[in-house]
Amino acid sequence: MIDDEVPAFWGSLGLPGLADVHTHFLPPRMERRVWHHFGSAGPLIGREWPISYKSDLSDRLAVLRQLGVRTFSALAYAHRPDMAADLNRWTLDFAAATPGCLASATFFPEPSALAYTRAALAEGAQIFKLHLQVGGFDPRAAELDPVWGLLAEAGTPIVVHAGSGPVAAGFTGAGPIGDVLRRHPRLAIIVAHMGAPEYREFFDLAATFANVRLDTTMAFTDFFEEMAPFPPGLRPALRDLGLAGKVLLGSDFPNIPYAYGHQIASLARLDLGDSWLRAVLWENARDLLGSAPRG
């Protein structure tokens, strides 16, 4: 599916557009560094990873509008101390100035984490992002326990890259974040990339904890299937979880090595039914966010 075909596809399902909970917009300096890391096949990438939408900010926003992505995120993530608060200032300001963008924030294990997370929530943060692979930190760190408690009480979703793909590092795998969930079972965790390659373990977490969900980011695409093929035996569970509100559209736009339409086509070719597609592409995000996604 080419990008020009995407609006007709979601229109044929009777949807008003797409809600993508896993997209990235970053401060320019950080963005340049991230793109360089991808372009040089850095140690946490593990392979060539050309970025398909490496263009000006205004052009990338125009692409999302043309695709019909009515709700999206500006997921930034801290990989060291003393950067999360500044990232939050940028992403929250960006969302305030950008129709359709969810107010996004992040945190890191440091003494100030609770204070700036509370401040971000007070400013209307709707979604958070943690990257355990890049950050290399333990989500069970003592500094994070009150943050997890705060977010569990607020019900605010946190997109967590907890799987070991594309390269295992830090505290990846279902064990560390599973321990956090056992301590804070009400947490609204969205497992990025369906938890690849530990699909089964993260599906078990989604089945066990009421507010654990998975996003489709890069999953089922040709590129990702080469690295972390999805187990065919999990297809029935994938369908059930999607219809239960636990699978959300994610893409990793703009940092993807193929057209956005390929992610949508990869979901369609699973042949899990129109009801499943409607839920994943729009309805589950609407229900999680508490109202119709804005845009």
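The values are calculated or read from the model by the stated rules, or taken from the named source; none is laboratory data. It should be emphasised that the depicted structure is a prediction, and the values quoted were computed from it without experimental measurement. Backbone-built Cβ (ideal geometry, glycine too); neighbour counts: all protein chains shown. Surface areas here come from the heavy atoms of the whole protein model, side chains and all, with no ligands, DNA or RNA. Shrake-Rupley method; radii C 1.70, N 1.55, O 1.52, S 1.80 Å.
Where the only charges are on Cβ atoms (+1 Lys, Arg; -1 Asp, Glu), what is the dipole of the chain about its Cα centre, to the nearest 20 debye?
It works out to roughly 320 debye.
Would you mind getting the Kirkwood hydrodynamic radius of region 95-251 from its Cα pairs, rounded to one decimal in Å?
The answer is 15.9 Å.
Of the listed peptides 119-129, 173-183, what is their order by residue-averaged count of other C-beta atoms within 10 Å, with the highest listed first?
Taking the mean over residues of other Cβ atoms within 10 Å, the ranking is 119-129, 173-183.
Roughly what would the spin-label model give for GLU48 and ILE2, points 7 Å off Cα along C-beta, in nm?
Each label point lies 7 Å from its Cα, and together they span 2.3 nm.
Averaged per residue, what accessible area in Å² does the chain show with a 1.4 Å probe, protein chains only?
Ligands and nucleic acids excluded, the figure is 39 Å² per residue.
Mind ranking 269-278, 147-156, 103-112 by how tightly packed they are, going by the mean number of other C-beta atoms within 10 angstrom, highest first?
103-112, 147-156, 269-278
Can you tell me the relative contact order of region 41-143? Whole percent, Cα pairs under 8 Å, sequence separation 6 or more.
25
Would you kindly state how much longer the chain becomes between ASP274 and ALA62 on full extension, computed as 0.36 nm times their sequence separation minus their alpha carbon distance, in nm to one decimal?
73.6 nm
Which residue, chosen from GLY135, SER266, LEU248, occupies the Cα position most advanced towards the positive end of the dipole of region 135-274, where the dipole is computed from +1 (Lys, Arg) and -1 (Asp, Glu) charges on Cβ about the Cα centre?
Toward the positive end, the furthest listed residue is LEU248.
In deg cm²/dmol and to the nearest 500, what is the mean residue ellipticity at 222 nm of the chain if only DSSP H runs of at least 4 residues count, each as -39500 (n - 2.57), divided by the residue total?
Result for the chain, helices only: -11500 deg cm²/dmol.
For the chain, give the percent of accessible area contributed by carbon and sulfur heavy atoms, probe 1.4 Å, rounded to a whole number.
Carbon and sulfur together cover 52 percent of it.
Give me P(r) over region 22-144, computed from all C-alpha to C-alpha distances, binned every 10 Å, as integer percentages.
13, 41, 35, 12, 0
Below 9 angstrom from the Cβ of PHE171, what's the summed charge of the other residues (Lys, Arg +1; Asp, Glu -1)?
Result for the local shell: 0.
Over region 175-271, with a single point scatterer placed on each C-alpha, what log10 of the ratio I(q)/I(0) does the Debye formula yield at q = 0.19, 0.23 1/Å?
-0.89, -1.23
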